[in-house]
């Protein structure tokens, strides 16, 4: 995570803006933003944050309420745009572009106020949880002639709820956009191959990382409580996969890893399937193993004891 002196000089004073629907809490995107920012700052860059919700320092942040995927108008647009095919009502088109225009204006103002040189779009040009934000971001990049790194975590074609839509043209336009000023980044090779197959575009692979050289101090009391509540014996290893039980997370590979260990171990998947259905969870449970999904009471303990390293 350390930059050379040449790199420090090359990027010193560069102003970078992370743009996303939400940059707050401990969701995967927010955690990766924190890690990227740490590396960028080591290179000499200054980092700023633009989102619908943000817990970064006020002097380096701009909040655009309609950029949040839970903004009432955005949730209404999403509900109407997806789940059905066919012609798109003109009223929906008007609402999308009207809201995109308002977001674009606020985005341009924030980017210019911070004097931004490079934008890093965090999933905002990847999954259409906020259609107007994606469209607005494309407009802003073109109008301000800004370079962009589009950091893609999960694509709309990986989510069943986005497969039927009335906005296929907008998905091709902005999720992701084919602009020469954008460098596309995905988090694994499987995503890279599917991305290029679908879009014809090149992308870089930058896996999600952890700073193993600087782990957080262990909270032994919380660890012991967690192990007891999960029924893990003193001699067993706890192997954590901090993801939901969905196909793209490759649960079966973790199962195989644990099976090959020469030491007794228990695999724990931290989250349920959520809004992506239970088909994969049922398939995995029946074919491979009996898994245990933590309920709401255990998740805070898990985050404290085992996921703290992801926030450092």
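Numbers below:
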| read-out | value |
| --- | --- |
| Residue list for the range 76-91, filter: within 18 Å of residue 127 (Cβ to Cβ) and surrounded by 14 or more Cβ atoms within 10 Å (Cβ to Cβ) | 77, 78, 80, 81, 82 |
| Scope the range 26-53; condition closer than 16 Å to residue 129 by Cβ and out of contact with any strand residue (DSSP E or B) (no Cβ under 6 Å at 6 or more places or on another chain); matching residues | 27, 28 |
| Residue 44 vs. criteria at pLDDT below 95, more than 13 Å from residue 114 (Cβ to Cβ) and either out of contact with any helix residue (DSSP H, G or I) (no Cβ under 9 Å at 6 or more places or on another chain) or not in a helix (DSSP H, G or I) (or both) | yes |
| Residue 141 vs. criteria surrounded by 20 or more Cβ atoms within 10 Å (Cβ to Cβ), within 22 Å of the chain's Cα centre (by Cα), closer than 22 Å to residue 27 by Cα and in contact (Cβ under 8 Å) with a residue 40 or more places away in the chain | no |
| Residue list for the range 92-111, restricted to those being surrounded by fewer than 18 Cβ atoms within 10 Å (Cβ to Cβ) and over 12 Å from residue 50 (Cα atoms) | 92, 93, 94, 97, 98, 101, 102, 105 |
| Of all residues making up the range 180-215, the number that are in a loop (DSSP other than H, G, I, E, B), over 30 Å from residue 145 (Cβ atoms) and within 17 Å of the chain's Cα centre (by Cα) | 5 |
| Test: residue 110 is under 23 Å from residue 143 (Cβ atoms) and in a helix (DSSP H, G or I) | yes |
| Flag for residue 11 being buried (at least 17 other Cβ atoms within 10 Å of the Cβ) and more than 19 Å from residue 171 (Cβ to Cβ) | yes |
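Table: residues versus (1) at pLDDT 95 or above; (2) in the same structural domain as residue 186 (by TED's automatic domain parsing); (3) part of a strand (DSSP E or B).
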residue: 134; (1), (2), (3): yes, yes, no
residue: 138; (1), (2), (3): yes, yes, no
residue: 142; (1), (2), (3): yes, yes, no
residue: 150; (1), (2), (3): yes, yes, yes
residue: 154; (1), (2), (3): no, yes, no
residue: 161; (1), (2), (3): no, yes, no
residue: 169; (1), (2), (3): yes, yes, no
residue: 172; (1), (2), (3): yes, yes, no
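The values are calculated or read from the model by the stated rules, or taken from the named source; none is laboratory data. Quick caveat, the model's predicted, so the values are computed rather than measured. Cβ: placed from backbone, ideal geometry, glycine included. Neighbour counts: every protein chain shown.
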